[in-house]
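Just so you know, all these numbers are worked out from the coordinates, no wet-lab data involved. Because the structure is a prediction, the values reported are computed rather than measured. Neighbour counts are summed over all protein chains in view; Cβ atoms, including those assigned to glycine, are modelled from backbone coordinates with ideal geometry.
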Number of protein chains: 2
Amino acid sequence: MPDEALVALAERLQGICLGRSLTVGVAESCTGGLIGAAITSVPGSSAYFLGSLVTYADDAKVELLDVPRSTIESHGAVSAQAAMAMATGARERLHATTAVGVTGIAGPDGGTPAKPVGLTYIALAGPAEVEVRRLVLAGDRAAVREAAAAAALAWLIEASEA
Amino acid sequence: MPDEALVALAERLQGICLGRSLTVGVAESCTGGLIGAAITSVPGSSAYFLGSLVTYADDAKVELLDVPRSTIESHGAVSAQAAMAMATGARERLHATTAVGVTGIAGPDGGTPAKPVGLTYIALAGPAEVEVRRLVLAGDRAAVREAAAAAALAWLIEASEA
């Protein structure tokens, strides 16, 4: 069961999206399905949530979300460019009004001085534009993943209310 | 954070898959990302877990998992046929050794006399064949979803050990 804080965010998002006839899609890497699980923990979520592409492998990002392989080779799978391509790909593949893409280093391994554990990029693709945010989240693997999922849901709320 | 029982199953699955160089893909409907979230809660899961296609909308099942639209129209999205097509689609799209597909009615709404809340089909697609199991799971929405995710993980373990 997802964390109560995530479920509360998902309930808020659902209320806004149903009221405005918006649909949502998700592309997840480090969160691994946590965002989709939180959203779908709320009854009635099928009225606005189309799906989540959990692309853990690089090939899945390329083939299922149309992330250019050159983007991963040049900037890495954890990069602003990859997050933006993931969000754009999820929005197009799922035919959603808005999609969010999340890629990060949840740890405990995989961090480097340039890309430490906790580094997370979240991108939001809407009808008009794609934006990206860079976060460095604190805590262990579970805490980083939950915080990344919460930030993605909060941004979806913010964008849907705008 | 996924339930501890799910994480324990994911840890067991990872140990077996790493030892035997197997890869795993997932297609989720009613579980909404819970299986992917449990698998990726374990550090090192990227060595065998390729991704999960959380296809909540019927169009996503058709377009992203190659479930024939005629299957959904004839048998419903919650059917043995749909589960088998989801597992097969996930295995092919993710290039996995084994993939599991889960579709069910988590409730509280959506049940009928023929397809009650708790009805869940889980299919497993491996190199040689596709099998499907029909379960009727007890409890509320959260309990049905957790039990469905646990059954899927347990079957992946069983198939990977065989």
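Take every residue in peptide A:41-52, count the Cβ atoms of other chains within 10 Å of its Cβ, and give the average of those counts. Could you put the intermediate results ahead of the total?
On the way: counts 7, 2, 7, 3, 2, 10, 0, 2, 4, 7, 15, 10.
What the average comes to for A:41-52 is 6.
If contacts are Cα pairs under 8 angstrom and at least 6 residues apart, what is the relative contact order of chain A in percent? Display every interim value, and only then the final one.
Numbers: 344 pairs, mean separation 40.2, N = 162.
25 percent.
Between copies, how far does the label point of B:Pro108 sit from its twins, in nm, shortest first, when each point is 7 Å from Cα along Cα→Cβ?
4.2
Distance from the Cα centre of the stretch B:91-162 to that of the stretch A:21-54, in angstrom?
Cα centres, the stretch B:91-162 to the stretch A:21-54: 18 Å.
For the stretch B:4-161, what size does the Cα cloud have along each of its three principal axes, sorted from largest down, in whole Å?
Sorted from largest, the Cα extents of the stretch B:4-161 read 44, 31, 22 Å.
What is the sum of charges around A:Ile157, taking Lys and Arg as +1, Asp and Glu as -1, for the other residues whose C-beta is under 11 Å from the C-beta of A:Ile157? It would help to have the intermediate numbers written out before the result.
Working: positive: A:Arg12; negative: A:Glu11, A:Glu158, A:Glu161.
Once positives and negatives cancel, what remains is -2.
Which chain A residue puts its Cβ closest to the axis that rotates A onto B, and at what distance in whole Å?
A:Gly33, 2
Mind listing the label-point distances from B:Glu4 to the same position on all other copies, shortest first, one decimal in nm, points 7 Å along Cα→Cβ?
Ordered by increasing distance: 1.8 nm.
In straight Cα distance, which lysines are under 24 Å from B:Lys61, not counting same-chain residues fewer than 8 positions off?
List returned: A:Lys61, B:Lys115.
Under a GNM of chain B (C-alpha, springs under 10 Å), which listed residue has the highest mean-square fluctuation: B:Pro113, B:Pro43, B:Pro127?
It is B:Pro113.
If you add up the charges near A:Asp109, with Lys and Arg at +1 and Asp and Glu at -1, over every other residue whose beta carbon is less than 14 angstrom from its beta carbon, what do you get? Numbers along the way, then the final one.
Numbers: positive: A:Lys115, A:Arg141; negative: A:Asp140.
Taking every Cβ under 14 Å from that of A:Asp109, the sum is +1.
So for each of B:133-141, B:84-92, A:77-85 I average, over its residues, the number of other beta carbons within 10 Å; can you give me the resulting order with the highest mean first? Walk me through the numbers before you get to the answer.
Details: B:133-141: 14.8, B:84-92: 25.0, A:77-85: 22.9.
Top of the packing list down: B:84-92, A:77-85, B:133-141.
Can you order the peptides B:19-32, A:28-41, A:58-71 by their average number of other Cβ atoms within 10 Å per residue, highest first?
On the way: B:19-32: 25.0, A:28-41: 31.4, A:58-71: 18.6.
Ranking the peptides B:19-32, A:28-41, A:58-71 by packing returns A:28-41, B:19-32, A:58-71.
How far is B:Gly44 from the same spot in each other copy, in nm, shortest first, if each label point sits 7 Å from Cα toward Cβ?
Here the equivalent label points are 4.4 nm apart from this one.
Taking one equal scatterer on every alpha-carbon of the protein assembly as shown, how large is log10 of I(q)/I(0) by Debye at q = 0.11 1/Å?
Results for the protein assembly as shown at q = 0.11 Å⁻¹ read -0.59.
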